[in-house]
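K.L.:
Dropping the structure in here first, questions after.
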Amino acid sequence: MNEEARHAGSLLRVADTSRRVAETSGRNAKIELLADCLRELKNRELAVAASYLSGLLPQGKIGVGYRAVQAASQVQPAEAADLSLLDLDGYLDRLESLAGKGSVAARRAQLSELFGRAVPSEQAFLAALLVGNLRQGALESLVVDALAKAFGANRARVRRALMFAPSVAQVAVAASSDDATALDAFDIQLLRPVSPMLAQTAESLDEAHSAFDDMQVELKLDGARIQVHKQDDEVRVFTRQLNDVTASVPEVVDVVRRAPARSIILDGEVIAMRADGRPERFQTTMKRFGRRIDVAQLQEQIPLTPYFFDCLYIDGQSLLDEPLSRRTPELAQLFPHSTIAHLVRPSADQAAEFLADALKRGHEGVMAKSLAAPYRAGSRGAEWLKLKHVHTLDLVVIAAEWGSGRRKGYLSNLHLAARDPDGGFVMLGKTFKGMTDAILVWQTEQLLARQIERDGHVVHVRPELVVEIAFNDVQQSPHYPGGLALRFARLRRYRDDKAASEADTISAVRTLFEAG
Ligand code: AMP
C-alpha cells in the first residue's frame with residue numbers, strides 16, 4: 001500500500017490505527033497510537049475520527065444491519081485507497097437521510113458504492129464500525145485519554161467534559177481548541193441528564209468499613225434508577241440510560257414539583273411498594289415503564305414511590321464537587337419524607353443491624369458510601385460499594401448455543417463474560433438455568449439480531465446484552481481464558497437498563513475469588 005494514501009484525513013490512516021490498537025496490548029501503547037492519529041486532525045475530520053475510533057457513528061443509529069453490511073462486504077474492493085474521513089461522513093449522512101419508500105435499494109446502492117471505493121483493510125474497518133463490532137477494546141475511554149495526550153490537555157478535564165458533552169466528537173474539537181476554557185463549557189445543565197454514578201461490589205461491611213474513613217450506609221432498593229430535573233414548574237424524569245420517562249411517572253413529578261427550590265437535580269430510585277411495606281419485585285416496578293401503557297390505570301394498580309439518595313444541583317449551583325456529607329443534608333432538607341433511609345457514620349454493629357434489617361424487610365441490601373466523595377457522574381468507582389446477600393454479577397452474553405430436546409430451536413446455553421477494563425470480554429462460564437419459556441423466545445430473537453458469526457451450534461453475538469447472573473462461588477478453571485469460572489451460575493434477569501460497558505469487570509471477579 002502506498003504511504004501517501006495513509007495521510008492525515010484519510011480513512012486508511014484511521015482504519016490502520018484501529019487495527020494496530022486492536023493488535024496492541026497495554027493501555028498506554030494503545031493511547032499513544034490513537035494520539036498520533038488524532039493529533040494530525042482538526043475540526044470535522046477530528047470529530048469524526050474520534051467517533052469512529054470510539055466505535056461510534058456521529059450520526060448515531062443509521063439503521064444499517066448485519067445483513068446489509070455482509071452483502072456490501074462482498075463488493076470488489078478498490079485497488080488504491082482514496083477515501084477521506086469526510087467522504088465517509090458524507091456517505092453516512094446520506095444513509096441516515098435515506099428512509100421511506102424505495103429507500104432499501106437506494107441505501108444498498110450507497111453502501112455498495114462506499115465499499116467499492118474502499119481497499120480491503122478499509123472494508124474490514126467499515127464492516128466492524130457499522131455493525132458495532134470494533135475489537136480494539138474500551139474504546140471511548142481510550143480515545144478520551146488519547147485526546148488529552150494529543151492536545152496537551154488535562155486528562156481529568158477531558159474525561160469530565162465527556163460526561164456532560166453530547167458526544168466524544170464535540171469533546172475532541174474542544175480538546176484541540178486554542179481556547180483553554182472550551183472543555184469547561186461542558187458542565188451539568190438543567191433538563192439535560194448526566195450519566196449516573198455507579199457502585200462496585202463489596203463482599204462485607206468490614207470491607208466497606210476499612211475502605212472509608214467516614215461512611216454513610218443507605219438502603220439499597222431494587223427498583224428503577226431515576227434522575228429528576230426541576231426548573232421552576234418543569235420537571236423531567238430520566239432513566240439510568242438517560243431516556244425521558246416523565247410521562248410514565250406522574251407521582252414522581254408531583255413530589256418534585258412541590259419541593260421548595262426553584263431548580264434541582266436529584267438522583268434516586270423509584271419502586272413499587274406493597275401495602276404491607278415490603279417492596280414489590282423488580283419486574284413489577286418495571287411494568288410502569290412499558291412501551292404503550294395506560295399510565296392512569298397502571299398508576300392505580302402499581303403506585304410508585306420515589307426515594308432520593310443524592311442531590312446534584314440546587315438553585316443555580318452544582319453540588320457535584322461537594323462531598324456526600326454536604327449533599328445528603330441538602331437533600332434531607334428538601335425531601336424529609338422522600339430521602340432514602342440512611343445512617344451517617346454508623347458503628348460496625350449499627351451497620352450490621354441495618355443490613356440485616358434491610359434484608360429481612362425484603363430489600364436487596366445496602367449501599368456503603370464514602371462521605372468524602374464527590375458525585376462522579378458516569379463512573380463506577382470504589383466510593384460507592386453495594387452489599388447484597390447472594391453473589392451476583394452483571395455479565396455480557398458473547399455467544400449462545402442452540403438447545404436440544406424441549407429447547408430445540410431456541411438459543412439456550414449462554415456464554416457469559418466479564419468486561420476487561422483493558423478491552424474486550426473474558427469468558428467465565430455458561431448457563432442455561434433460570435430461563436422461562438418466554439425468556440427463551442425473547443433471547444433467541446435478540447441474540448439472532450446480534451449475530452456476528454456461527455461456529456457449529458454456537459452463535460457468536462455482538463457483546464451487548466447484559467445479564468444478571470447469580471452464582472455460588474468462583475473457582476479456578478483451566479478451561480477459561482481468565483483462569484476463573486463461576487460455579488452454579490444461573491440467570492436472574494436481563495439487565496436491559498445496562499450497557500455492556502457497565503458490566504462487571506474481570507478484576508471484580510478476581511477479587512471475589514481471592515476473598516473466598
Ligand atoms: P447495581 O444495579 O446492582 O449495579 O446497583 C446499583 C443500582 O442500585 C443503582 O443504579 C440504583 O438504581 C440502585 N440503588 C438502590 N438504592 C441505591 C442507593 N441508596 N444508592 C445508589 N444506588 C441505589
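The values are calculated or read from the model by the stated rules, or taken from the named source; none is laboratory data. Nothing here was measured: the structure is a model prediction, and the numbers come from that model. When we count neighbours, we look across all protein chains shown, and the Cβ atoms used for this are built from the backbone with ideal geometry, even at glycine. SASA here: full protein model, heavy atoms, side chains in, ligands and nucleic acids out. Shrake-Rupley method; radii C 1.70, N 1.55, O 1.52, S 1.80 Å.
K.L.:
Under a cut-off of 16 Å between alpha-carbon atoms, report the lysines in cross-link reach of K408, not counting same-chain residues fewer than 8 places apart.
P.N.:
The qualifying lysines are K433.
K.L.:
Got a number for carbon plus sulfur as a percent of the chain's accessible area, 1.4 Å probe?
P.N.:
That fraction is 48 percent.
K.L.:
Using Cα pairs under 8 angstrom and six or more residues apart, how large is the relative contact order of the range 391-515, in percent?
P.N.:
31 percent
K.L.:
Please report the antiparallel percentage of DSSP beta bridges with both residues in the range 198-386, rounded to the nearest 5.
P.N.:
Values: 38 of 42 bridges.
The antiparallel fraction comes to roughly 90 percent.
K.L.:
Need the C-alpha centroid separation for the range 67-134 versus the range 260-339, integer Å.
P.N.:
Distance between centres, Cα-based: 45 Å.
K.L.:
How many Å² of accessible area per residue for the chain, probe 1.4 Å? Walk me through the numbers before you get to the answer.
P.N.:
Numbers: 23880 Å² over 516 residues.
Spelled out: the 1.4 Å probe surface of the chain, per residue, equals 46 Å².
K.L.:
Further, regarding this structure: With a ≥ b ≥ c the root eigenvalues of the C-alpha gyration tensor of the range 430-516, is it rounded (a/c under 1.5), prolate (a/b larger than b/c) or oblate? Before the final figure, lay out the partial values.
P.N.:
Details: a/c = 1.72, a/b = 1.55, b/c = 1.11.
Prolate.
K.L.:
Given the DSSP H assignment, sum -39500 (n - 2.57) over each helix run of at least 4 residues in the chain and divide by its residue total; what's the result at 222 nm in deg cm²/dmol, nearest 500?
P.N.:
Calculated at 222 nm, the ellipticity per residue is -11000 deg cm²/dmol.
K.L.:
Volume per residue, Å³, of the convex hull around the alpha-carbon atoms of the chain?
P.N.:
Per residue, the Cα convex hull of the chain comes to 176 Å³.
K.L.:
Next question. If you rank K61, K498, K287 by how much accessible surface each has, with a 1.4 Å probe, what is the order from largest down?
P.N.:
Solvent-accessible surface, decreasing: K61, K287, K498.
K.L.:
Give me, ordered by chain and number, the residues 5 or more places off L484 or on other chains with an amide H under 5 Å from its own placed amide H.
P.N.:
Those lying under 5 Å, H to H, from L484 are S477.
K.L.:
Excluding residues on the same chain fewer than 8 positions from K369, give the lysines whose Cα lies under 28 Å from its Cα.
P.N.:
K220, K230, K360, K386, K388, K498
K.L.:
For the chain, with only Lys/Arg (+1) and Asp/Glu (-1) charged at the beta-carbon, what is the dipole magnitude about the Cα centre, in debye rounded to 20?
P.N.:
So the magnitude is around 1420 debye.
K.L.:
While we're looking at this one, here's another question. Given N residues in the range 3-175, what is its alpha carbon radius of gyration divided by 2.2 N^0.38 Å? Don't skip to the end; give the middle numbers.
P.N.:
Values: Rg = 15.8 Å, N = 173, 2.2 N^0.38 = 15.6 Å.
Working it through for the range 3-175, the quotient is 1.01.
K.L.:
Can you bin the range 198-386 into rounded, prolate or oblate? Criterion: square roots of the alpha carbon gyration tensor eigenvalues sorted a ≥ b ≥ c, rounded for a/c under 1.5, prolate for a/b above b/c, oblate for the rest.
P.N.:
Oblate.
K.L.:
Quick one: order L266, L298, L56 from most to least accessible surface, probe 1.4 Å.
P.N.:
Numbers: L266 0, L298 25, L56 75 Å².
Most to least solvent-accessible, the answer reads L56, L298, L266.
K.L.:
State whether the range 56-125 is rounded, prolate or oblate according to the following rule on the C-alpha gyration tensor (a ≥ b ≥ c being the square roots of its eigenvalues): a/c under 1.5 gives rounded; otherwise a/b larger than b/c gives prolate, and the remaining case gives oblate.
P.N.:
Since a/c reaches 1.5 and a/b is larger than b/c, the shape of the range 56-125 is classed as prolate.
K.L.:
Along the charge dipole of the range 56-106, which of L85, A105, L57 sits closest to the positive end, that is, farthest toward it, with unit charges on the beta carbon of Lys, Arg, Asp and Glu (+1, +1, -1, -1)?
P.N.:
Among L85, A105, L57, the one farthest towards the positive end of the dipole of the range 56-106 is A105.
K.L.:
Further question on the same structure: Given contacts defined as C-alpha pairs under 8 Å and at least six residues apart, what's the relative contact order of the chain, whole-number percent?
P.N.:
Details: 965 pairs, mean separation 63.4, N = 516.
Once divided by the residue count of the chain, the mean separation gives 12 percent.
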